[in-house]
Structures are given as C-alpha cells and as structure tokens.
Amino acid sequence: MFVSRPRRSMLYMPASNPRALEKAKAIPADGLILDLEDAVSPDQKPVARSAALSAIASKAYGRRELLIRVNAVDTQWCADDLAAAATSGADGIVLPKVNGPRDVQEVVRQLERAGAPDSLYICAMTETPRGVLAAADIANVNATLSKPRLAGLMVGTADLAKDLRCTHPADRAPMLHALQHCVLAARAYGLWILDGVHIDLEDDAGFAAACRQGRDMGFDGKTLIHPKQVAGANEAFAPKPAEIERAKRIVEAHRIASAEGKGVTLLDGRLVEVLHVAEAERLLADARMIAELAAN
C-alpha cells in the first residue's frame, strides 16, 4: 500500500529554524518531521510553512523520509498547512491531536481537494485520552475512505502525560497501557507505529532504556527531539548481528525442510514453523533496507 522503509529515528525539526534545517541535511536520521505545530510560535506559522516547502523542494535530504507536521484540525492554521503540504512533495503528513476517525476523514477531504497525490500518506498522532481510546477506530479509517491514506500512528507521550495528569518518567510506567493499546491497534490494521519522544536530553541511560522498551513493545522506531538521540535510536531499533544470523539460519532450515516435504523443523532444539520464517524474513528485509539507506 505504502513504501516500506526503516523508521528507526524520526527527528523533529522546527521548520521556522533555518539553521536546524541546514544541519538536518547531514544528520543520519531515517526521517525528518518538519514541524509547523508545537515548535513554532503563532506569529511564525506562515514563515515555517514556506520554509518547510522550500526545504522539501531543495531535494537536499537524500533518501530520508520527509514528513510535515501540520497544526491540529481545529486550529486556524490547519487548512493552509494542508493546502500547502498537499503538493509539496513530502512523503507524508503528521496530523497531531487526532481524537477519532473523523479528524482523519476531514484531513483527507482537504488534501484531495488540494490535489494531493495518492502516495501522500497520513500519520495520525494518538496523544489525547480520546485519541488513545479511539485508536482502533482511527487505525481502521482506511476502510471508510475511497483510497488508503492512513499509513501509521505516532504516540505523543508528552501531550498524553499532560492530559492524563500523570508523571512522565523514563520507564513510562503510567502510560504503558496506552502505549501497548496503540501498538495493538496499529498492528490490527497493518499500520506502522512510532514511539513518543524522550524529553530529558541529559538522561542518556533513560533514553537508551526507553528505546529498548519501545522496541520490545513492538514500535517500529522512535520520534526524537535532538540530533544527539539519532544514533541511539538507530542502534536500538535495528536488527542485531546475532538476530540477522539466526534469521538467516531459520530461513535456510525451513528451505531444507520444505524440500524434504516437511512443514516444520528444529533449529538448535527449537521448533521452526511458518510464522517464525515470516518473522525472520521481515527482519532480514529490515536489515537490507537499513543497509541500503546507510549506503546513500
């Protein structure tokens, strides 16, 4: 449906900051989120919008995925953001503060009226209590559209913690139910999903732990607020050499068993079934895409 690619590290860049946009050209993040929302003051919204369009048009970011985070549907800036982003050449739109499928449906209507190509996708941010509760309905919104537009979910943990009035520790314990609920919704409807930001830039150990936790929970990658976090996220969400080697052995063991007419086999004393082969092949595909991205 949409292009499959690594999304280990998705770095927010305030579109109103020319210096940041210039530096981003050399940052090895898998993707950049050019932000028109929280990182931009109201008086700078038009400037940020124009700067984001110019940055994308420059073609200066290599093979990085380029997303534009527009302002929320109920704001005065959203319509202009969507009209500009529709034909900008961006890979996708990040839609903040999605409370239900109607928010996505309205944005789709506006994008298509503005001439958006079929390839322009939406990533919906589940960062409010209502959004988390409606995560499954949001994730299934493509069933109500004439063509698929929603490709992924993104959990906004900072805003969610604020609305829940909970603490936001490194282990995210007060939000674990919400995080796993969103992962479940994304996987149920074939979407990718990104973890929220780690807001303490001095807490390297906490950031590393949050990355490991996110990967263990099933997230595809992490949203980031500073370039110093990119390397850690890239490492945490990439297949490890030992995992790649075992995946190769699983695929080969299954190939040999299939040639002998067997549906299952043993590898190192552990049963290998078709489901294990599918997961091994997915991991190997991820490793190949990461290698290709690093080579460019």
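FYI, it's all coordinate maths here, none of it is from the lab. On a predicted model such as this, the values are computed, not experimentally measured, just so you know. Cβ coordinates were reconstructed from backbone atoms using ideal geometry, including for glycine residues, and neighbour counts include every protein chain displayed.
Miscellaneous remarks
- Inter-site label distance for Ala295 and Lys25 at 7 Å from Cα along Cβ, in nm: 2.5 nm
- For the chain, the spherically averaged projection of the C-alpha convex hull amounts to 16.6 nm².
- Extension gain, Ala60-Ala209: 0.36 nm per intervening residue step, less the Cα-Cα distance, totals 50.4 nm.
- Placing a label point 7 Å from the Cα of Ser4 along the Cα-to-Cβ direction, the residues of the range 212-242 whose backbone N falls under 19 Å of that point are 218-222, 237-240.
- Reachable aspartates and glutamates from Lys228, criterion Cα separation under 15 angstrom, eight or more residues apart if same chain: Asp30, Asp200, Glu202, Asp203, Asp204
- Antiparallel %, DSSP beta bridges [both residues in the chain], to 5: 10 percent
- log₁₀ of I(q)/I(0) at q = 0.14, 0.20, 0.22, 0.31 Å⁻¹ - the range 195-252, Debye sum with one point per alpha carbon: -0.42, -0.71, -0.81, -1.30
- Here Ile56, Ile33 are placed in order of increasing Cβ neighbour count within 10 Å, fewest first, which gives Ile56, Ile33.
- The range 165-216 - convex hull of alpha carbons, volume per residue in Å³: 80 Å³
- Shape metrics for the range 241-294, restricted to C-alpha atoms - Rg then Dmax, Å: 12.0, 39
- Calculated FRET value between His226 and Ala173, using beta carbons and R₀ = 25 Å, to 0.05: 0.60
- The range 114-255 - Rg (one decimal) and Dmax (whole number), Cα, Å: 16.9, 52
- Residues Arg246, Arg7, sorted so that the one with the fewest Cβ neighbours within 10 Å comes first: Arg246, Arg7
- In angstrom, the C-alpha Rg and Dmax of the range 12-55 are 9.9, 31.
- Using the Cβ-Cβ distance between Leu164 and Ile256 with R0 = 41 Å, the FRET efficiency computed as 1/(1 + (r/R0)^6) comes to roughly 0.20.
- Sorting Tyr12, Tyr189 from the fewest to the most surrounding beta carbons within 10 angstrom yields Tyr189, Tyr12.
- Structure-based [θ]222 nm, the chain - -39500 (n - 2.57) summed over DSSP H runs of at least 4, per residue, nearest 500: -13500 deg cm²/dmol
- P(r) tail for the range 41-97: Cα pairs beyond 18 Å make up 29% of the total.
- Too-long pairs where the Cα-Cα distance tops 23 Å, listed order kept, from Lys162/Lys222; Lys59/Lys97; Lys25/Lys248; Lys25/Lys147: Lys59/Lys97; Lys25/Lys248; Lys25/Lys147
- The alpha carbons of the range 61-184 stretch over 42, 34, 29 Å along the principal axes, in descending order.
- Pairs of Cα atoms nearer than 8 Å and 6+ residues apart set the relative contact order; for the range 9-236 it is 18 percent.
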